[in-house]
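Have a look at the structure below, then the notes.
The values are calculated or read from the model by the stated rules, or taken from the named source; none is laboratory data. In this text the structure is predicted, and so the values were computed from the model without any measurement. No Cβ is skipped: glycine too gets one built from the backbone with ideal geometry, and neighbour counts run over all protein chains shown. With ligands, DNA and RNA removed, areas are computed over all heavy atoms of the protein, side chains included. Shrake-Rupley method; radii C 1.70, N 1.55, O 1.52, S 1.80 Å.
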Amino acid sequence: MEKVGQARLDQDDVIVERFLQPWNVTVTSSIAVAMQARTAVRASRLHLDSAKQTLKAAAPAKQEQARLEVENAEDDLVQKTEVAITLMKTVLDNPEPLKNINELIKAQLVYFAAAAEALSAVQGEVEELSLAAEGEYR
């Protein structure tokens, strides 16, 4: 059983080194940047909605200025949306998360193979003891 325990500790070390740390880098960098871009889109959309309301309520003398503000807000929304889409696509196209998940799976595979091997050996010994005990009992 000591082999199983050591295999578990080895698995934990590999998971931290090859999965969790790289995964956290991915999350804190590319995904965080994409989320910031999403927030910028939301703020730009609110600005556009505000500009449209200002245009609706504008006096005839201020309508041209308000219309220009709506156009600028629309352009800003389009630009920020395009940036956000590009950043989100970059997150989805990044192969690192799949590599990280592969490392997690490999670490678990090594652990479970070692555990299965150790348990198989123990099971054989227990079966022999069981048969011997049963023979002595009868």
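Some points to look at:
- Looking at the range 1-120, the accessible area is 71 square angstrom per residue; that uses a 1.4 Å probe and ignores ligands, DNA and RNA.
- The chain: most fluctuating residue of 126, 33, 83 per GNM, C-alpha cutoff 10 Å: 126
- Look at where the Cα atoms of the range 114-138 and of the range 34-101 average out, and the two centres are 68 Å apart.
- Residue 83-residue 56 pseudo-label distance in nm [points 7 Å out on the Cα-to-Cβ vector]: 2.8
- Potential lengthening of the chain between residue 123 and residue 39 amounts to 24.5 nm, from the contour at 0.36 nm per residue minus the alpha-carbon distance.
- Carbon/sulfur fraction of accessible area - the chain, other protein chains in place, 1.4 Å, %: 61
- Cut-off 14 Å, label 7 Å out along Cα→Cβ of residue 31, residues of the range 76-103 by amide N: 88, 91-101
- Range of Cα positions in the chain per principal axis (Å), largest first: 108, 29, 18
- Accessible-area value, residue 86, 1.4 Å probe, nucleic acids and ligands omitted, Å²: 90
- Couplings 3J(HN,Hα) of the range 60-66, computed from phi: x, 5, 9, 5, 4, 5, 5 Hz, in residue order, whole Hz [Karplus 6.51 cos²θ - 1.76 cosθ + 1.60, θ = phi - 60°; x for Gly and Pro].
- Pairs of Lys residues in the chain that lie 8 or more places apart, or on two chains, and have C-alpha atoms under 19 angstrom apart add up to 5.
- Rounded to 0.05, the FRET efficiency of the residue 94 and residue 9 pair, given R0 = 30 Å and the Cβ-Cβ distance, is 0.45.
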